[in-house]
Amino acid sequence: MSYFKHESAYVDDNCQIGEGTKIWHFSHIMSGCVIGEGCNIGQNVVISPDVRLGRNVKIQNNVSVYTGVIAEDDVFMGPSMVFTNVINPRSHVSRKHEYRQTILRKGCSIGANATIVCGHEIGQYALIGAGTVVTHDVKPYALVMGNPARQTGWVSEWGCKLRFDESGIAVCPETGQKYELKDNQVQRIS
């Protein structure tokens, strides 16, 4: 086995787990999951059937990653954050054929106790504040918070708030990387 699994964790058959991944106490990886290299699956995490995780995904304690979630590389899921996969769940109505896909793009981070309503895309390097309720798509590099989520700014790939000058250029204070804001979209330019 090229990954670590705590003795109290379960990994069902037909899963692909990448080299160097760590699966901690009381976690359960269900059938058909594909988990990339170097991931860290915290304590008491459930990953439902057929979930796809890229490389270096970090899932903190007490998170359930439901069928329909796709996380690209370098995604961070904070403690006790929540996903949904059906818009109108009912105990007496089976809606397994109605699961909606949620896509977490490369490098995005979701804060502790946030809720991501299914069927949305979180853009690359976006930062979802703790306790936020996401009910719509989130743009790349966007900083969102509140209930419902509202964009309050932009962040760099390192998670630093970006301050754009009059020409639409910002510099990450930690890395010196430059970003451009044009037509309400941010992209890294160096």
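Before moving on, here are some points about what is shown:
Per-residue answers, yes or no, for (1) hydroxyl-bearing (Ser, Thr, Tyr); (2) over 22 Å from Gln60 (Cβ atoms); (3) modelled with pLDDT under 95:
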| position | (1), (2), (3) |
| --- | --- |
| Gly111 | no, no, no |
| Val117 | no, no, no |
| Gly131 | no, no, no |
| Thr135 | yes, yes, no |
| Ala142 | no, no, no |
| Arg150 | no, yes, no |
| Leu181 | no, yes, no |
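- Taken over region 72-95, the criterion of being without any contact (Cβ under 8 Å) to a residue 12 or more places away in the chain and either among the charged types (D, E, K, R) or in a loop (DSSP other than H, G, I, E, B) (or both) is satisfied by Asn88, Pro89, Arg90, Ser91, His92, Ser94, Arg95.
- Test: residue in region 55-71 that is in a loop (DSSP other than H, G, I, E, B), over 18 Å from Val134 (Cα atoms) and small (Gly, Ala, Ser): no
- Residues of region 14-31 that turn out to be in a loop (DSSP other than H, G, I, E, B) and either crowded, with 18+ Cβ neighbours inside 10 Å or under 19 Å from the mean Cα position of the chain (by Cα) (or both), as a count: 5
- Looking only at residues in region 42-63 that are closer than 17 Å to Tyr3 by Cα and touching a residue at least 24 places away in the same chain (Cβ under 8 Å), the one that is nearest to the chain's Cα centre (by Cα) is Gly54.
- Picking from residues in region 1-13 that are part of a strand (DSSP E or B) and either of a type outside the set (D, E, K, R) or within 15 Å of the chain's Cα centre (by Cα) (or both), the one that is farthest from Lys96 (Cα to Cα) is Phe4.
- Region 32-54, residues that are charged (D, E, K, R) and in a strand (DSSP E or B): Arg52
- Of the criteria (1) part of a strand (DSSP E or B); (2) in contact (Cβ under 8 Å) with a residue 40 or more places away in the chain; (3) of a type in the set (A, V, I, L, M, F, W, C), which one Trp154 fails: (2)
The values are calculated or read from the model by the stated rules, or taken from the named source; none is laboratory data. Small disclaimer: the values here were computed from a predicted structure and weren't measured. Because the Cβ atoms are built from the backbone with ideal geometry, glycine has one as well, and the counts that use them run over all protein chains shown.
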